[in-house]
Each structure stands twice: as C-alpha cells, then as structure tokens.
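To start, the structure under review is shown below, and the notes come after it.
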Amino acid sequence: MISAANIFIKYGDRVLLDSINLVIGAKDRIGLVGRNGAGKSTLMKIIANYTKPHEGQVDYPNGASIGYLHQEMDLPKGKTVMEETLSCFSEVKALERQIEATNEALSSRTDYESESYMKLIADIGDLNERFSFLGGDSIQADSERVLKGLGFKQKDLNRLTDEFSGGWQMRIELAKMLLQKPDYLLLDEPTNHLDIESIIWLENFLKNYHACVIVISHDKQFLDHVTTRTVEIELGKLFDYKASYSKFVAMRAERREMQMASYKNQQKVIAQKERVITRFMAKATKTKMAQSMKKQLDKMERITIDSEDTAAMNISFPPAPRSGVQVVLAEKILKKYGDLQVLNQIDLNVDRADRIAFVGQNGQGKTTLAKIIVNEIAATSGEVKLGHNVQIGYYAQNQSETLQSNLTLLETLERVAPPEMRTRLRNILGAFLFSGEDVDKKVSVLSGGERARLALACLLLRPSNLLVLDEPTNHLDMISKDVLKQALLDYDGTLIVVSHDRDFLKELTTRTVEFRDQQLFNHIGDVNAFLEKRALDSMREVELSKPKTTSPLSTTPNSGVAPKRHLTKEEQKERKRLQRAVQNAERKIERIESEIEAFETQMASPGFYEKPDAAAQMEQYAQKKKDLEGAMEEWENAEMTLEEFEG
C-alpha cells in the first residue's frame with residue numbers, strides 16, 4: 001500500500017494541504033473530490049511522485065508501478081496513433097530481450113544440475129510470467145481493442161497524432177496508461193473529453209481492473225459506477241468515506257448534522273456550568289468548588305464543526321442588446337471533413353429568446369454546427385444568416401486550453417477587455433474567486449477548474465445577445481455548475497448550449513435539438529421533457545439508443561420516409577404563437593400557485609383568524625383557487641391546440 005503522512009503544501013499565505021494523512025490499499029477504488037483549486041490534482045501529483053510536498057513524505061511498496069494521467073500533455077509528433085500507443089510497451093520489449101538472452105544462455109549450457117543453471121530456469125519462468133501478465137503476445141490486438149473502446153475508428157489508427165485535437169490526444173495517453181496495467185492507476189478528469197459510449201466503456205474497464213484506481217472527476221454517475229471510497233479535500237483538510245460518491249454526499253450531510261447537534265448540546269452544558277461557576281464565585285464558602293469546576297471546564301475537549309467551503313462565483317451576464325426577431329437561419333448545411341460527412345443538408349431556425357440544447361453522441365456534429373454558426377469554420381455548402389444586430393458570445397469546448405500560459409490572470413483579461421471595462425477587471429476576477437495576489441498568478445499554474453472560471457470571466461467582458469456555449473461545465477465543480485446555470489437562467493438573450501450534463505440542462509432550455517445520423521431532430525421542452533418523451537432515465541441511454549418516434553427537422557434522403565414538408569413563414573409564426581400561449585399559461589399557473597402558497601402560509605400563522613381582514617383574505621384565497629382551475633383549463637386547451645398543429 002501507499003502511505004502519505006503529514007503532507008503539507010503552502011503557496012504564499014494559503015495552506016493548500018494541511019498535514020494530511022492518507023493510506024491507499026492495493027485494491028482501493030478511490031474518488032478524489034472537492035472544489036476547484038482545493039488541491040486534488042496537487043495531491044494526485046504527490047502520490048504519483050511527480051512533485052514533492054513542502055513537508056511530509058510518501059512511502060511506496062517495493063516494485064510498485066504507478067500510471068498517472070494528468071490534464072496537460074504533449075505527445076511527440078510524427079508518430080501514428082498505433083505507433084504512439086505501442087510505445088507504452090517498453091517493459092514488454094525489455095522482457096523480450098531478456099527472455100531471448102536467457103534462452104541463448106540456457107542453450108549453450110550443459111551443467112544441468114548446477115545452481116546457476118537452476119537459477120536461469122527460475123529466471124526464465126519469472127520473465128515469461130511477467131511477459132504473459134503484460135499481454136506480451138497480444139499487444140497489437142489489445143491496443144486496437146482499447147483504442148476502439150475509447151472512440152477511435154480503424155482508419156484512425158494509422159493517422160498521425162498531430163492531426164488530432166488535445167481531447168483525442170488525451171485518449172491516446174489514457175489508452176497507454178490502461179495497457180501498461182500499473183499497480184496504481186491515477187486518472188485526473190479522464191471523462192472531460194470522452195463521449196458517452198467511451199465513458200461507459202471506460203467504466204466497465206475500470207470496474208474489472210485488477211489493481212488500485214484513484215479518479216478525480218466531477219461526473220457523479222462515473223464516480224458511482226467506478227469507486228467504492230470517496231476522499232474529500234476541503235480547506236486543507238482530508239475527509240475519508242468508505243462509500244461511493246452518492247452515499248458520501250448523504251454521509252457528509254449526516255456527519256455535519258451530528259457535529260452541529262453535538263456542538264449545540266456541548267455549548268448548552270458549558271453555558272450552564274459557567275453560570276454555576278459565576279454564582280459560586282460570588283460566595284466565599286463555594287469559591288474553592290467554583291475554581292475546581294472551572295479547571296474541569298478548561299480541560300473539557302471542545303467539539304468543533306468542520307469548516308465548509310461555500311465560496312461561489314458571482315456571475316451576471318451583461319444585459320443583451322436587442323436583436324432582430326430571427327437570430328440565426330441555417331439552410332441546407334452540408335459539412336464534410338474529407339470523406340467524412342457530419343451534417344447532411346440540415347436546416348435550423350433560431351428566434352430571439354430561444355433557449356436551445358444540442359444533445360447527441362460525440363462526432364454527430366454538435367460542435368461542428370456551433371462553430372459554423374459563430375463563423376469559426378465554414379460549411380461545405382449551405383448558408384448561415386445572422387439576424388439584425390446579432391452579437392455573439394462563444395465559449396468553445398477547449399476554451400480554457402486556448403489561454404496563454406505565460407500571461408497573468410489580469411493580463412489575460414486586459415487582452416480582451418474593451419477600454420471602458422479596464423477599471424473593473426480586478427472586481428470581475430474577484431467575482432470569479434480570484435482575489436488579492438491571485439490576479440498576478442500565471443495562467444500556467446491554474447488548475448483545470450480555475451482556467452475554466454477565467455475563460456468564463458473573459459466571456460462576460462462584452463455584451464452579447466446570442467450565447468453559444470460548447471460544454472461549458474467541463475472542469476467546473478458542482479457549486480460552480482449551479483452558479484453558471486443560475487446566471488444563464490437570468491440571461492435575457494438567446495442561448496444555444498452543447499452539453500451531456502442532464503443536471504445542468506434541466507429547466508435551462510425550452511427546446512432540445514438531437515443530432516443523429518447527420519440530421520437534426522427537434523423536441524419542444526427541456527431535457528427532462530425530451531427524456532420523458534423518449535421514456536428513458538438518463539442522458540447516457542439517450543445517447544446510446546434509438547428513439548421510438550421523433551420529429552425530424554430534416555430527413556435523410558432515400559430513407560424510406562416521406563420528406564417532411566417545410567413550414568411556410570405564416571405557419572412558423574402560428575407555431576411560435578401557439579408555443580408562446582403554452583408558455584404564458586404555464587407561467588400564469590406558477591404565479592397563481594405562488595400566490596395561493598403565500599395565502600396558505602398566512603392562514604397557518606397563529607392568530608390569523610382573529611385578524612379583522614381574515615374574512616376578506618379567505619375570499620381572495622377562494623378566488624385564487626378558482627383562478628387556478630381556469631388557468632389549468634387554459635393551459636390544457638393551449639397544449640392540445642399546439643399538439644394538433646404539430647400533428
């Protein structure tokens with residue numbers, strides 16, 4: 001086992017890890033969790049022996065191998081994907097040479113009974129056993145299996161690694177780690193650049209992994225499926241739970257409640273004893289007794305409540321300048337990368353105040369269409385028209401990776417800020433939890449989550465009325481995700497968001513566009529409405545299965561299905577009117593329900609019925625109940641009319 005004792009890390013005035021201890025068993029499956037910047041990656045680097053603590057030490061078992069997948073990597077250029085992957089088998093190659101040399105030595109010996117000969121026999125047995133364990137006879141086949149599991153196609157294996165993005169290069173590095181089969185496998189955010197199929201393949205691989213696994217991840221489902229022990233880092237302290245992530249959350253809440261209850265009870269006891277001591281000290285006959293009681297009280301071990309890091313970003317998008325009614329009109333968009341066709345003659349119409357989620361498997365064209373809309377790349381054919389006064393704010397999937405490492409945080413914002421914002425940059429950084437000396441840090445020292453926060457800060461510097469966000473929650477911790485979501489709910493412009501995160505998408509959008517088979521399929525409502533329509537329980541199932549029925553925005557040629565007729569402009573206006581009627585009815589219901597709840601709260605208060613206006617309020621309450629029935633009927637009629645129109 002690995003034993004980390006009294007690990008202490010301090011940067012400036014900030015204590016990152018405060019003399020923590022951790023013992024890691026040979027078969028442990030640990031989820032390392034905590035806020036962005038809490039020290040998770042730092043602790044993992046210390047365990048992996050990539051960096052040394054300022055104080056403390058780590059002891060390793062003899063001969064133990066460690067595989068460490070970190071967030072930054074730089075693969076050598078000029079190698080194919082398969083060549084780079086096979087480079088991880090250096091031990092296998094060395095074993096091959098040792099086995100060959102030992103066999104040659106044996107073939108020239110005739111002293112079959114000697115100790116040295118018997119040692120060679122034992123050595124060749126050990127070498128062959130290790131060679132077999134590392135899969136020496138099947139390294140090519142195993143490499144193909146792992147690479148394909150992580151999303152590579154057969155034709156990709158002979159392409160140069162230079163041709164792939166950072167996310168795909170991370171997959172190559174991950175494949176090398178898995179194939180090496182280390183005794184301790186350390187993975188820092190392995191799911192950030194994986195699609196759903198690859199995440200599920202990795203989960204199944206790690207479930208059956210023969211040795212220790214330590215994972216840093218903000219994917220709750222992944223942690224639940226892979227880990228059985230959760231180690232939380234918070235404000236320099238370490239908390240260890242023998243449970244998966246979901247159970248850990250419940251156990252942590254229970255621990256804090258028990259601490260609070262014990263603390264309150266002890267405070268009552270202390271207060272009572274102090275009152276007695278004060279009373280006794282006033283009487284000469286009981287002064288000695290009071291002093292004795294005070295000594296006992298001073299020796300009492302005081303219960304303390306664990307500190308909790310509740311700091312959160314303070315995000316508020318600038319008010320959106322008013323755009324034209326039609327924000328984006330994409331017509332007959334075709335996109336090819338060489339022989340690979342991603343989008344086939346698709347159409348998309350985005351109106352002012354639309355809130356759209358792009359969902360579907362990786363590689364189906366979500367990011368491609370987002371880039372075409374913001375003019376990052378050109379379509380092979382077709383046209384995208386932006387409406388009047390459309391001002392785009394774009395957050396790319398690798399936005400945080402594009403930041404210049406040699407700049408400070410303040411310099412990074414200064415590069416993109418308009419002149420009128422220059423005086424507010426320190427306040428903006430403070431809103432994103434960068435304060436004091438933090439603003440002079442280099443980008444190179446930031447964690448993945450801190451880089452993501454900095455990239456979001458850059459996005460807020462200029463007002464926009466069309467936000468296009470591609471996987472904005474990558475690297476963000478749970479609290480930061482919630483804060484970003486609330487800011488987007490308050491945003492008054494048009495929103496397009498690409499995400500696999502169901503919790504994040506829930507109630508954030510009013511329309512879901514599914515990407516599948518080079519086509520777009522439109523669904524009214526947020527991701528939950530989409531899932532209910534498809535009768536599925538999770539985004540993973542959505543992205544891995546075929547729907548029973550869908551309404552395509554466009555259909556694949558020669559699919560055997562009659563192409564759907566395009567709506568006229570008048571019909572499109574009528575559909576939007578009906579959709580607004582449904583939404584207005586829903587908002588009306590919510591408003592009336594809130595008013596009824598307020599009445600019920602007042603009615604439950606003591607002495608309500610003795611008030612002089614109680615009768616009048618009861619009448620208003622009864623009227624609100626009738627209003628609610630009318631609003632429900634109005635909503636049902638609007639919903640039915642919309643369904644008939646769409647049918």
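Selection of the range 230-254 for residues being open to solvent by 20 Å² or more (accessible area, probe 1.4 Å), touching a residue at least 24 places away in the same chain (Cβ under 8 Å) and over 21 Å from Asp501 (Cα atoms) yields Leu235, Lys237, Leu238, Phe239, Asp240.
To keep it simple, each residue is scored yes or no on (1) more than 28 Å from Asn204 (Cα to Cα); (2) loosely packed, with under 11 Cβ neighbours inside 10 Å; (3) among the hydroxyl-bearing types (Ser, Thr, Tyr); (4) over 29 Å from the mean Cα position of the chain (by Cα).
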residue: Glu91; (1), (2), (3), (4): no, no, no, yes
residue: Lys119; (1), (2), (3), (4): yes, yes, no, yes
residue: Gly135; (1), (2), (3), (4): no, no, no, yes
residue: Ala141; (1), (2), (3), (4): no, yes, no, yes
residue: Asp162; (1), (2), (3), (4): yes, no, no, no
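Just wondering, is there one or more residues in the range 92-110 that are within 30 Å of Thr473 (Cβ to Cβ) and in contact (Cβ under 8 Å) with a residue 40 or more places away in the chain? Among the residues of the range 92-110, not one is within 30 Å of Thr473 (Cβ to Cβ) and in contact (Cβ under 8 Å) with a residue 40 or more places away in the chain, which makes the answer no.
At least 2 residues being among the aliphatic types (A, V, I, L, M) is the threshold, and among the helices (runs of 4 or more DSSP H) wholly inside the range 435-528 those reaching it are 448-459, 478-490. Does the range 396-409 include one or more residues that are among the acidic types (Asp, Glu) and out of contact with any strand residue (DSSP E or B) (no Cβ under 9 Å at 6 or more places or on another chain)? The answer is yes, given that some residue of the range 396-409 is among the acidic types (Asp, Glu) and out of contact with any strand residue (DSSP E or B) (no Cβ under 9 Å at 6 or more places or on another chain).
For (1) under 30 Å from Val350 (Cβ atoms); (2) at pLDDT below 80; (3) loosely packed, with under 12 Cβ neighbours inside 10 Å, each residue gets a yes or a no:
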residue: Ser554; (1), (2), (3): yes, yes, no
residue: Pro557; (1), (2), (3): yes, yes, yes
residue: Ala562; (1), (2), (3): yes, yes, yes
residue: Thr568; (1), (2), (3): yes, yes, yes
residue: Arg575; (1), (2), (3): yes, no, no
residue: Lys588; (1), (2), (3): yes, no, no
residue: Met603; (1), (2), (3): no, yes, no
residue: Glu619; (1), (2), (3): no, no, yes
residue: Asp627; (1), (2), (3): no, no, no
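Evaluating Val497 against the criteria (1) buried (at least 20 other Cβ atoms within 10 Å of the Cβ); (2) more than 22 Å from Glu376 (Cβ to Cβ); (3) hydrophobic (A, V, I, L, M, F, W, C) leaves one unmet condition, (2). Of all residues in the range 213-228, none are modelled with pLDDT of 85 or more and basic (Lys, Arg).
Taking each residue of the range 456-475 that is within 10 Å of Gln391 (Cβ to Cβ) and open to solvent by 20 Å² or more (accessible area, probe 1.4 Å) and looking for partners that are of a type in the set (A, V, I, L, M, F, W, C) and in a loop (DSSP other than H, G, I, E, B) with beta-carbon atoms closer than 9 Å, six or more apart or interchain, yields Arg462/Ala417; Pro463/Phe317; Pro463/Ala320. Within the range 432-453, can you find the residues that are open to solvent by less than 10 Å² (accessible area, probe 1.4 Å), modelled with pLDDT of 85 or more and in contact with a Ser or Thr (Cβ under 6 Å, 6 or more places away or on another chain)? Selection gives Val443 alone. State all residues of the range 26-59 that are more than 12 Å from Val231 (Cβ to Cβ) and either among the aliphatic types (A, V, I, L, M) or more than 27 Å from the chain's Cα centre (by Cα) (or both); if no residue qualifies, say none. Once the filter is applied, which keeps residues that are more than 12 Å from Val231 (Cβ to Cβ) and either among the aliphatic types (A, V, I, L, M) or more than 27 Å from the chain's Cα centre (by Cα) (or both), the range 26-59 yields Ala26, Ile46, Ala48, Lys52, Pro53, His54, Glu55, Gly56, Gln57, Val58, Asp59. Does the range 180-203 include one or more residues that are touching a residue at least 24 places away in the same chain (Cβ under 8 Å), over 19 Å from the mean Cα position of the chain (by Cα), assigned to a helix (DSSP H, G or I) and within 22 Å of Phe89 (Cα to Cα)? Yes: one or more hits.
Checking each residue in the range 72-96 for being at pLDDT 85 or above, not aliphatic (A, V, I, L, M) and not in a loop (DSSP other than H, G, I, E, B) picks out Thr80, Glu83, Glu84, Thr85.
Does Asp123 qualify as being at negative phi, out of contact with any Asp or Glu (no Cβ under 9 Å at 6 or more places or on another chain) and not in a loop (DSSP other than H, G, I, E, B)? Criteria met by Asp123.
The values are calculated or read from the model by the stated rules, or taken from the named source; none is laboratory data. All values reported here derive from a predicted model rather than from experimental measurement. Positions of Cβ are generated from backbone atoms using ideal geometry, with glycine treated the same way; all protein chains shown enter the neighbour counts. All accessible areas refer to the heavy atoms of the entire protein, side chains included, with ligands and DNA or RNA removed. Shrake-Rupley method; radii C 1.70, N 1.55, O 1.52, S 1.80 Å.
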